[in-house]
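The values are calculated or read from the model by the stated rules, or taken from the named source; none is laboratory data. Model, not experiment: these values are computed from the prediction. Glycine also receives a Cβ, built like all others from the backbone with ideal geometry; neighbour counts cover every protein chain displayed. Surface areas here come from the heavy atoms of the whole protein model, side chains and all, with no ligands, DNA or RNA. Shrake-Rupley method; radii C 1.70, N 1.55, O 1.52, S 1.80 Å.
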Amino acid sequence: MTTLPKTTTRKLGLVIDLDTCVGCHACVTACKGWNTENYGAPLSDQQPYGAAPSGTFLNRIHSYEVQPAQGTAQLVHFPKSCLHCEDAPCVTVCPTGASYKRVEDGIVLVNESDCIGCGLCAWACPYGAREMDAAEGVMKKCTLCVDRIYNENLPEVDRVPACVRTCPAGARHFGDLGDPESDVSKLVAERGGMDLMPEQGTKPVNKYLPPRPRDRLDEVDVLAPLLAPVAEEPKGFLGWLDRTLERF
């Protein structure tokens, strides 16, 4: 079995703002595109235009309608990928050492040449963040685009995960969560960032920012001014007709 490092130099990860995510799936598309063309085996699809399409995705978005105690119902979009846990059970359960956590930045990766496709890591992950690629028979997962963030041939603005770079709403943030002075750490502190399923004891590095309370407005009947009578007593032809009908 694979052992975890006692400490890591940095804790690179994502901070995802559930308040601003619009569920557009741009991050899903960017992740699929980048990881199909670069790091590791391509992310395959099976019968993409058939009756039962399936495929390998490292980032997925789940949408939920929630009803707050007060106010109207809200639609919350919840992106989910590998959380690069400090105490990653997917690593310790791997029988070949293919899954490992890097000391220099805390990123959890899979050495695909050593992966035998046993699926134990997928069973161990409480978040369902690992996917078996049906074409290659190896386990795939989010790499935080390790081949982008250290690539000096890219402009500095592009040295972030593809999902972060493409998010049109600015809902995804990347940085060192082990540094309390980093932008992501300050954002977590300011907004009350939270762990996903902390009761699992995995200590996920990625954090989620909760949705902000929605503004509440007093009910306004927008049709009331249009339905209000224009005169207390009808005049003209309608007035004559009203008086005439009253005689019967």
Practice problem: Pairs only if they're at least six apart or on different chains, beta carbon under 7 angstrom, first in the stretch 136-147 and farther than 12 Å from His84 by Cβ and open to solvent by 20 Å² or more (accessible area, probe 1.4 Å), second in a loop (DSSP other than H, G, I, E, B) and of a type in the set (A, V, I, L, M, F, W, C); list them, first residue then second. | Solution: Glu136/Ala41
Quiz item: Which one is modelled with the lowest pLDDT, of the residues in the stretch 46-63 that are open to solvent by 60 Å² or more (accessible area, probe 1.4 Å) and farther than 23 Å from Phe78 by Cα?
Solution: Pro48
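Out of curiosity, is Leu43 open to solvent by less than 20 Å² (accessible area, probe 1.4 Å) and modelled with pLDDT under 95?
Values: open to solvent by less than 20 Å² (accessible area, probe 1.4 Å): yes; modelled with pLDDT under 95: yes.
When the stated conditions are applied, Leu43 passes them.
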Self-check item: Inter-residue pairs, beta-carbon under 7 Å, first free of Cβ contacts under 8 Å to residues at least 12 places away in the same chain and in the stretch 20-39, second in a loop (DSSP other than H, G, I, E, B), 6+ apart
Solution: Thr36/Pro42; Thr36/Leu43
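Which members of the stretch 101-135 meet the condition of being touching a residue at least 24 places away in the same chain (Cβ under 8 Å), small (Gly, Ala, Ser), farther than 20 Å from Asp176 by Cα and in contact with a strand residue (DSSP E or B) (Cβ under 8 Å, 6 or more places away or on another chain)?
Keep residues of the stretch 101-135 that are touching a residue at least 24 places away in the same chain (Cβ under 8 Å), which gives 101-110, 112, 115, 120-135.
Now drop any that are not small (Gly, Ala, Ser), which leaves 106, 122, 124, 128-129, 134-135.
Now narrow it down to the ones that are farther than 20 Å from Asp176 by Cα: 122, 124, 128-129, 134-135.
If the condition is that a residue be touching a residue at least 24 places away in the same chain (Cβ under 8 Å), small (Gly, Ala, Ser), farther than 20 Å from Asp176 by Cα and in contact with a strand residue (DSSP E or B) (Cβ under 8 Å, 6 or more places away or on another chain), then Ala122, Gly128, Ala129, Ala134, Ala135 are the ones that fit.
Listed here are the residues, each with its yes/no results for (1) in contact with a Leu (Cβ under 8 Å, 6 or more places away or on another chain); (2) more than 19 Å from Ile107 (Cα to Cα); (3) not polar (S, T, N, Q).
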| site | (1), (2), (3) |
| --- | --- |
| Glu136 | no, yes, yes |
| Lys140 | yes, no, yes |
| Cys145 | no, no, yes |
| Glu156 | no, yes, yes |
| Cys167 | no, yes, yes |
| Leu187 | yes, yes, yes |
| Glu190 | no, yes, yes |
| Lys203 | no, no, yes |
Quiz item: Does any residue of the stretch 81-94 turn out to be under 18 Å from Leu58 (Cα atoms), touching a strand residue (DSSP E or B) at 6+ places or on another chain (Cβ under 7 Å), open to solvent by 20 Å² or more (accessible area, probe 1.4 Å) and not small (Gly, Ala, Ser)?
Solution: no
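Could you list all residues from the stretch 181-196 that are within 16 Å of the chain's Cα centre (by Cα) and open to solvent by 60 Å² or more (accessible area, probe 1.4 Å)?
Going through the stretch 181-196, the residues within 16 Å of the chain's Cα centre (by Cα) turn out to be 184, 188, 193-196.
Met194, the sole residue that qualifies.
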Quiz item: For the stretch 64-80, which residues satisfy the criterion of being among the hydrophobic types (A, V, I, L, M, F, W, C) and either buried (at least 19 other Cβ atoms within 10 Å of the Cβ) or touching a residue at least 60 places away in the same chain (Cβ under 8 Å) (or both)?
Solution: Val76, Phe78
Quiz item: Is it true that Pro168 is loosely packed, with under 14 Cβ neighbours inside 10 Å and in contact (Cβ under 8 Å) with a residue 12 or more places away in the chain?
Solution: yes
Self-check item: Odd one out for Pro211, checked against (1) at pLDDT below 95; (2) open to solvent by 60 Å² or more (accessible area, probe 1.4 Å); (3) within 22 Å of Gly13 (Cα to Cα); (4) not aliphatic (A, V, I, L, M)
Solution: (2)
Quiz prompt | Close pairs from the stretch 223-246: first modelled with pLDDT under 75, partner in a helix (DSSP H, G or I), Cβ under 7 Å, at least 6 apart | solution = Glu233/Gly239; Pro234/Asp242
